[in-house]
Amino acid sequence: MLPDAKIHLLLVQQIPGLRNEGTGAPAKVIQAFTAYTRRMIRNDELPEIRKCFSLAGVLYKNGSRILKDAIESVFLFGLSPLLNAPVKSLLPVSLQNVRRQFILNNSQC
């Protein structure tokens, strides 16, 4: 399992633009990561979006329960309004499944 304290370092290695943002608790790191990903989606930067989604999938697969919760509630929920068909198809299958489950659970309320 990936230690929560190493999340920021892993993201900064892959995305240098996050160097000065989002240190500390997993939720803070994921908030900064989500803001960066939103900018990439708005700018239609498909290779960078793909990289962000791939990293989110790795973090989700290898992270603690706290990190998984942050990815579900901050990352996926925060990006949902921007996930049109072409962008949504870039999500790893694991995150597509999490998103689908979230939508199904909330539509039954």
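With an a/c value of 1.5 or above and a/b not larger than b/c for the gyration tensor axes a ≥ b ≥ c computed over the alpha-carbon atoms, segment 55-109 is described as oblate. Where a ≥ b ≥ c are the square roots of the eigenvalues of the C-alpha gyration tensor, would you call segment 13-55 rounded, which needs a/c under 1.5, or, failing that, prolate if a/b is larger than b/c, or oblate? It comes out prolate by the Cα gyration axes. Between Asn43 and Ser80, the contour length at 0.36 nm per residue exceeds the Cα-Cα span by 11.7 nm.
In terms of the Cα gyration tensor, with a ≥ b ≥ c the square roots of its eigenvalues, is the chain rounded because a/c is under 1.5, prolate because a/b exceeds b/c, or oblate? Since a/c reaches 1.5 but b/c is at least a/b, the shape of the chain is classed as oblate.
Quick note: the coordinates plus some simple rules give every number you see, no bench work behind them. Everything numeric here is computed off the predicted structure, so don't read it as measured data.
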